[in-house]
Amino acid sequence: MSESPDTRPAAPTAPTTPLHRPKGEPRFPGGPAPDPAGSHHERRIRSFQPRRSRVTAGQVDALERLWAQWGLDIDGLRVLDLDQLFGGVPVVLEIGFGMGEATAQMATDDPATGLLAVDVHTPGQGNLLALAERAGLTNLRVANGDAIILLREMLPPASLAGLRVYFPDPWPKKRHHKRRLIQPEFLDLAATRLAPGAVLHCATDWEPYAEQMLEVLTAHPEFENTRPNGDYAPRPAFRPLTRFEGQGLDKGHAVHDLLFRRV
Ligand SMILES: C[S@@+](CC[C@H](N)C(=O)[O-])C[C@H]1O[C@@H](n2cnc3c(N)ncnc32)[C@H](O)[C@@H]1O
């Protein structure tokens with residue numbers, strides 16, 4: 001049987017997103033600013049690599065709808081008033097929340113603490129916003145950009161009640177070790193933003209990085225180990241299992257927590 005040509009008018013097509021956005025046009029209207037502060041003002045070794053990760057429709061929806069309520073752009077141009085942002089509760093900064101499941105859990109479990117969570121990873125920001133909405137969290141802010149700019153330019157001295165860095169990128173190749181976040185210069189900066197007595201809590205499943213963390217933290221004059229034996233700490237109950245940790249455990253990696261107090 002021969003096919004007759006289809007003479008019906010073409011069905012209307014859904015509007016498509018243009019492939020090239022004009023420079024400076026936001027990727028998600030109402031969502032995070034397109035260029036996190038710092039990327040244009042200085043050349044510096046970074047602890048992250050820009051990634052072109054796929055953002056799901058649900059994450060786009062969350063970024064567009066919820067950024068105004070929970071989001072915070074890191075523009076490096078203003079000092080934040082944490083009391084105003086969090087209503088006067090002590091504030092803990094988490095650097096590198098990934099997909100944010102553990103972050104949302106911690107904010108849910110401890111409503112008396114404000115959690116300022118920063119990452120550059122757009123899908124994770126969308127995911128965390130959606131989790132914040134689902135749980136109705138009022139003690140969480142999701143920041144987009146480089147944590148170094150946030151710490152250095154936007155947080156007042158001694159303003160943080162704690163700092164959490166869970167499973168930072170391990171940068172295993174020797175030539176990339178300089179990208180690791182936990183180094184003496186980072187600790188110098190972190191020490192200025194932590195209040196006396198505040199705890200810096202790191203965790204990693206990468207043994208050589210754990211050793212480096214223990215070495216530089218132990219050597220730093222403004223931090224002291226909360227473990228009297230000067231060693232790694234058991235995982236505190238308040239730290240949920242994170243996504244990266246789960247992947248490390250599946251590979252048989254041992255996980256180390258380090259809890260050091262700002263003296
Ligand atoms: C290996 S992932 C771990 C994510 C999560 N903590 C977990 O355990 O599942 C590290 C995360 O840190 C983020 N990151 C690295 N350096 C950062 C920086 N300077 N500022 C903000 N985020 C950073 C990366 O984008 C990445 O999402």
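Name the residue that is nearest to K173 (Cα to Cα), counting only residues in region 192-242 that are of a type in the set (G, A, S) and buried (at least 19 other Cβ atoms within 10 Å of the Cβ). Checked region 192-242; the qualifying residue nearest to K173 (Cα to Cα) is A210. Given the condition within 12 Å of the ligand (Cβ to nearest atom), assigned to a helix (DSSP H, G or I) and under 19 Å from the mean Cα position of the chain (by Cα), answer yes or no: does some residue in region 151-160 qualify? Yes, region 151-160 contains a residue that is within 12 Å of the ligand (Cβ to nearest atom), assigned to a helix (DSSP H, G or I) and under 19 Å from the mean Cα position of the chain (by Cα). Taken as a whole, the condition of being more than 8 Å from the ligand (Cβ to nearest atom), in contact with a helix residue (DSSP H, G or I) (Cβ under 7 Å, 6 or more places away or on another chain), assigned to a helix (DSSP H, G or I) and without any contact (Cβ under 8 Å) to a residue 60 or more places away in the chain does not apply to A132.
Only a single criterion out of (1) among the small types (G, A, S); (2) modelled with pLDDT of 95 or more; (3) within 13 Å of the ligand (Cβ to nearest atom); (4) not in a helix (DSSP H, G or I) is not satisfied by G76, namely (2).
Contact map, region 225-246: residues that are under 7 Å from D257 (Cβ atoms) paired with residues that are part of a loop (DSSP other than H, G, I, E, B), Cβ distance under 8 Å, separation 6+ or inter-chain. Pairs shown: A233/T226; A233/R227; R235/V255. For region 167-200, taking the residues that are assigned to a loop (DSSP other than H, G, I, E, B) and among the hydrophobic types (A, V, I, L, M, F, W, C), the one that is nearest to the chain's Cα centre (by Cα) is identified as F167. Among residues belonging to region 162-183 that are away from the ligand (no atom under 12 Å from the Cβ) and surrounded by 18 or more Cβ atoms within 10 Å (Cβ to Cβ), point out the one that is farthest from P34 (Cα to Cα). The residue in question is G162. Taking L116, is it in contact with a helix residue (DSSP H, G or I) (Cβ under 9 Å, 6 or more places away or on another chain), without any contact (Cβ under 8 Å) to a residue 60 or more places away in the chain, over 24 Å from E245 (Cα atoms) and within 13 Å of the ligand (Cβ to nearest atom)? Criteria not met by L116.
For region 87-99, a residue qualifies if it is near the ligand (Cβ under 8 Å from one of its atoms) and in a loop (DSSP other than H, G, I, E, B), and the qualifying residues are G96, F97, G98, M99. One residue stands out in region 191-224 among those that are among the acidic types (D, E) and free of Cβ contacts under 8 Å to residues at least 40 places away in the same chain: the one that is farthest from the ligand (Cβ to nearest atom), namely E224. Residues that are surrounded by fewer than 22 Cβ atoms within 10 Å (Cβ to Cβ) and either closer than 13 Å to Q125 by Cα or touching a Cys at 6+ places or on another chain (Cβ under 7 Å) (or both) within region 99-109 comprise M99, E101, listed in sequence order.
Criterion applied to G248, G230 was being within 13 Å of the ligand (Cβ to nearest atom) and among the small types (G, A, S), and the one residue passing it is G248. For region 233-245, the candidate set comprises residues that are assigned to a loop (DSSP other than H, G, I, E, B) and basic (K, R); within that set, the residue that is farthest from the ligand (Cβ to nearest atom) is R235. If only residues of region 100-113 that are of a type in the set (A, V, I, L, M, F, W, C) and over 22 Å from R51 (Cα atoms) are counted, the one that is farthest from the ligand (Cβ to nearest atom) is A112.
The values are calculated or read from the model by the stated rules, or taken from the named source; none is laboratory data. Note that the coordinates shown come from a computational prediction; the quantities given were computed from them, not determined experimentally. Glycine also receives a Cβ, built like all others from the backbone with ideal geometry; neighbour counts cover every protein chain displayed.
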